[in-house]
Amino acid sequence: MSITIEKNGIRVERTNDTDRWNDLVERSPQGALFHRLEALEVQADHTGATFHPLVGYKGQEPVGLFPAFTISKGGVTTAFSPPPNLWLPHLGPVLLNMGKLKRRKAERRHRRFIDGCLDWLDREYAPKYVHVRTGGTYDDVRPFEWNEFEIQPRHTYEVDLTPGEEDVLASFSGDARSNIRTDDDRYDIDVGGPEAIRKIIGQVKARHDEQDEPYRLSPQFVVDLYRLLPDGAVRPYVCDVDGQFAGGMIALADDERVYRWQGGAKHDLDVPINDLVDWAIMRDAMDEGIPRYDLVGANERRLCGYKAKFNPELVRYHSLERGTRMMNLLTDVYKRFR
């Protein structure tokens, strides 16, 4: 039977009331598409991990959710949020009912919630290594630092879509505007389904193979997300040139953001496929009132030049690690699942 942790008035437990989970995700300022129960269960299925839906309470009031995953290999247990090899931008905890509190009380409640979640993992599984990657809206990672986590700042770009189509386009670099306004009529862009997903992932995999870089994302994982998440959450944008598949991008969308997730592989055609696909994604988001376009990553120097031409804002998020990753056995296990 799963234990319950009491931490100075905050109770943390592995909830069985998963019917409420998505409602709580939607109520949290940090809640994102990746936190939805359907997405979490698919993450566990495709990594062989055990999913732990941890919830913290103050009395009967929920104060936070922490979706955690454990993987045991070779007698060693590791814990993740999100699990490895899925290329998800972030996961980690989300907070609830903090906005009504003054800073001192909110920080104390937040700290005790994180302490309780980490204690729960330690008592139930004693993981030798823990890795958490938070999103940009989760901006106070001190409770992890105080629990001896190493904090590594990371960055992504976000385009503010609220000014509207004309002003957003005007803010782009000259070459981006020129590419988007092309009068080349050889291309068509549509949002497809599972077949489009497999084509896009296959193209990205081939590009990684050419560069001798690992890419373990399963197209079936993306197809499962497409089938289980709400309509429009997974959007495989496909660009055909002269009637043939040329490239595309799998975007993920919720009410607050569209994520430029997988795709954008380099190609040899003279049609500016990636610029056109990015603009199609942004235009659809603006039509739906989604305020931001997350370009998913601003950490690789060679990719920043392309993304920066859309005049994005730089947003910080965090990679959090605790444990003895340099132990030979644990390192071996970790590399297998990264």
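Couple of notes before you dig in:
- Solvent-accessible area of I200, all protein chains in place: 0 Å² (probe radius 1.4 Å, heavy atoms, ligands and nucleic acids excluded).
- Of all beta bridges that DSSP places with both ends in the chain, some 90 percent have antiparallel geometry.
- Every helix of 4 or more DSSP H residues in the chain counts as -39500 (n - 2.57), and over all residues that averages to -10500 deg cm²/dmol at 222 nm.
- Extended-chain gain in nm, criterion 0.36 nm per residue less alpha-carbon gap, D270 and T162: 35.8 nm
- Choice from C304, C117, C239 showing the highest fluctuation, given a GNM over the chain with Cα pairs closer than 10 Å: C304
- For segment 228-309, applying the loop criterion from DSSP together with a ceiling of 11 other beta carbons within 10 Å to the GluC sites (Glu not before Pro) yields E300.
- Packing rank of 210-219, 21-30, where each peptide gets the mean count of other beta carbons within 10 Å, highest leading: 21-30, 210-219
- Length available on full extension from S178 to R14: 0.36 nm per residue minus the Cα-Cα distance, which gives 53.8 nm.
- The 1.4 Å probe gives accessible areas that order S319, S72, largest first, as S72, S319.
- In the chain, the portion of solvent-accessible area held by carbon and sulfur atoms comes to 43 percent [1.4 Å probe, whole percent, DNA, RNA and ligands not counted].
- Spatial separation of Cα centroids for segment 225-264 and segment 152-214, in angstrom: 10 Å
- Inter-label distance, K100 to R216: 4.4 nm, where each label sits 7 Å from its Cα along the C-beta direction.
- Additional length obtainable on full extension of the chain from R186 to E107, 0.36 nm per residue less Cα span: 22.9 nm
The values are calculated or read from the model by the stated rules, or taken from the named source; none is laboratory data. Computed from a predicted structure; not experimentally measured. We place every Cβ from the backbone using ideal geometry, glycine too, and count neighbours over all the protein chains shown. SASA here: full protein model, heavy atoms, side chains in, ligands and nucleic acids out. Shrake-Rupley method; radii C 1.70, N 1.55, O 1.52, S 1.80 Å.
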